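First up is the structure itself, then whatever we jot down about it.
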Amino acid sequence: MILVTTPTGQIGSQVLDNLLDAGDAAGEVRVIVRDPARLSPRVRARVETVTGSHADPDVTAKACAGVDRVFWLAPPVPTADSVEGHFRAFTRPLVDAVRTEGVERVVGVSTLGRGVARNAGQISASLAMDDEIRATGVHHRALCPPYLMENLLHQASAIRDSGVIAMATYGDRVLRTCTTRDIGAVAARLLLDGSWTGQEDVPTVGPDALTPEDMARVVSEVLDRPVRFRRLGEAEYKATLLRHGASEDWARGVTDLASASAEQGFYGSAAPTTPETAPTSFRRWCEEVLKPAVAG
Ligand SMILES: NC(=O)c1ccc[n+]([C@@H]2O[C@H](COP(=O)([O-])OP(=O)(O)OC[C@H]3O[C@@H](n4cnc5c(N)ncnc54)[C@H](OP(=O)(O)O)[C@@H]3O)[C@@H](O)[C@H]2O)c1
């Protein structure tokens, strides 16, 4: 049986869609969900649900009973008091369940930056989560994306109203990207394949070598309106996060993450593209996802 966490999230919902598209090959599928009403009728008709949060050890233990493969994602929760505490809370229940419930394979969402990122907020915490999971000896694949294209969806109204994309990074350095659609597809492929063993990273790096200024140009061409890049300073970025309800430590983590990725370059041109796991170009994503969101 396959267990999917975050079935209502951007990545988890696409993992689930791919599994359900595979029909009988997926076998039995179970999800952990806080509010089952948020699942689509197609999903509700096909999967078993365990209600609760996967940060709750009792919920995760119950959900892992009889499960051999798990899709695991620690959700972004900007109101969390502590970044490290948050990732620990979303790691311990899985570690316990691997030890007690006999889970054999875990496919998790991680990030590029292993062995390179230092003082990188949520990125460091996410990589530490993988280490804890791997210490159990479970077969593990860490899906490692760079900057998610979907981050720009938060700026849909600013793009529409002001023609600006703002990021806390250099405008003239390559920023690798990936779409959640490709991560969902790779995760499902791994979950459907019961033959892999060991512990490895699976980079998911889209085919482009665009700088944020290039990205603004692509957005401008796709939307057929002027769009420019604006670099956010660290203090301005942190203030924006706090204004949108992030806790002090979450905002600190995200600003550390942004400076680490800008200065240490692990989301930059040194990361090779991986077209087999991340085929979708930024332009195609803009046409298919960003354009309707900005229009909408
Ligand atoms: N942003 C980037 O550039 C970037 C780069 C590299 C890696 N990543 C990683 O990519 C992932 C992003 O995932 P995503 O885009 O799929 O996230 P998302 O769309 O925000 O989905 C979050 C999911 O988590 C659930 N959730 C939220 N709070 C929860 C809680 N307290 N307990 C249980 N479930 C909870 C939500 O369920 P409800 O329906 O119950 O709210 C939803 O299913 C993260 O793991 C992040 O670390 C991001």
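The values are calculated or read from the model by the stated rules, or taken from the named source; none is laboratory data. Computed from a predicted structure; not experimentally measured. With ideal geometry, Cβ positions are generated from the backbone for all residues, glycine too; neighbour counts draw on all protein chains shown.
Return the only residue of Val31, Val47 being β-branched (Val, Ile, Thr), within 17 Å of Leu191 (Cα to Cα) and within 10 Å of the ligand (Cβ to nearest atom). Reasoning before the result, please.
On the way: Val47 fails: within 10 Å of the ligand (Cβ to nearest atom).
Unique residue meeting the criteria: Val31.
Every listed requirement among (1) free of Cβ contacts under 8 Å to residues at least 60 places away in the same chain; (2) touching a helix residue (DSSP H, G or I) at 6+ places or on another chain (Cβ under 8 Å) is met by Asp131 save one, (2).
Considering the conditions (1) more than 10 Å from the ligand (Cβ to nearest atom); (2) in contact (Cβ under 8 Å) with a residue 40 or more places away in the chain; (3) of a type in the set (A, V, I, L, M, F, W, C), Leu20 is excluded by exactly one of them, (2). Filtered by the rule that a residue be within 16 Å of the ligand (Cβ to nearest atom), surrounded by fewer than 22 Cβ atoms within 10 Å (Cβ to Cβ) and hydrophobic (A, V, I, L, M, F, W, C), the range 151-167 gives Leu153, Ala156, Ile165, Ala166, Met167. Residues that are touching a helix residue (DSSP H, G or I) at 6+ places or on another chain (Cβ under 9 Å) and over 16 Å from Gly206 (Cα atoms) within the range 257-289 comprise Leu257, Ala258, Ser259, Ala260, Ser261, listed in sequence order.
Of all residues being among the hydrophobic types (A, V, I, L, M, F, W, C) and free of Cβ contacts under 8 Å to residues at least 40 places away in the same chain in the range 184-240, which is nearest to Phe71 (Cα to Cα)? Just the residue, please. Here the residue is Ala239. For the range 122-151, filtered to residues that are under 14 Å from Thr111 (Cβ atoms) and among the charged types (D, E, K, R), the residue that is farthest from the chain's Cα centre (by Cα) is Asp131. Inspect the range 76-96 for any residue being under 28 Å from Ala239 (Cβ atoms) and of a type in the set (Asp, Glu) and give the result as yes or no. Yes, the range 76-96 contains a residue that is under 28 Å from Ala239 (Cβ atoms) and of a type in the set (Asp, Glu).
Within the range 247-283, the residues that satisfy the criterion of being over 11 Å from Leu175 (Cα atoms) and aliphatic (A, V, I, L, M) are Ala251, Val254, Leu257, Ala258, Ala260, Ala278. Of all the residues in the range 191-239, those that are under 30 Å from Arg141 (Cβ atoms), assigned to a loop (DSSP other than H, G, I, E, B) and not polar (S, T, N, Q) number 10.
Conditions tested, residue by residue: (1) modelled with pLDDT of 95 or more; (2) more than 26 Å from Glu132 (Cβ to Cβ); (3) over 20 Å from the mean Cα position of the chain (by Cα).
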| position | (1), (2), (3) |
| --- | --- |
| Gln10 | yes, no, no |
| Glu28 | yes, yes, yes |
| Ser53 | yes, no, no |
| Val59 | yes, no, yes |
| Asp68 | yes, no, yes |
| Pro78 | yes, no, no |
| Val83 | yes, no, no |
| Arg88 | yes, no, no |
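Sort out which residues of the range 241-264 are touching a residue at least 60 places away in the same chain (Cβ under 8 Å) and surrounded by fewer than 18 Cβ atoms within 10 Å (Cβ to Cβ), and write them in order of number. Residues satisfying the conditions are His244, Gly245, Asp249, Arg252, Ser259, Gln264. Summed over the range 1-17, the residues that are away from the ligand (no atom under 14 Å from the Cβ) and not β-branched (Val, Ile, Thr) give a count of 1. The set of residues in the range 170-189 that are surrounded by fewer than 21 Cβ atoms within 10 Å (Cβ to Cβ) and either among the polar types (S, T, N, Q) or touching a strand residue (DSSP E or B) at 6+ places or on another chain (Cβ under 6 Å) (or both) contains only Gly171. Candidates are the residues of the range 113-133 that are surrounded by fewer than 18 Cβ atoms within 10 Å (Cβ to Cβ) and of a type outside the set (A, V, I, L, M); the one that is nearest to Val205 (Cα to Cα) is Arg114.
Give the residues of the range 255-288 that are under 17 Å from Val116 (Cα atoms) and part of a helix (DSSP H, G or I), sorted by residue number. If you could, list the steps in order and put the result at the bottom.
Narrowing the range 255-288 to residues under 17 Å from Val116 (Cα atoms): 256-272.
Scanning the range 255-288 gives Asp256, Leu257, Ala258, Ser259, Ala260, Ser261, Ala262, Glu263, Gln264.
Within the range 50-64, which residues are within 14 Å of the ligand (Cβ to nearest atom), of a type in the set (D, E, K, R) and touching a residue at least 12 places away in the same chain (Cβ under 8 Å)?
The initial filter retains those residues of the range 50-64 that are within 14 Å of the ligand (Cβ to nearest atom), namely 50-60, 63.
From what's left, of a type in the set (D, E, K, R): 56, 58.
Hit for the range 50-64 is Asp56, nothing else.
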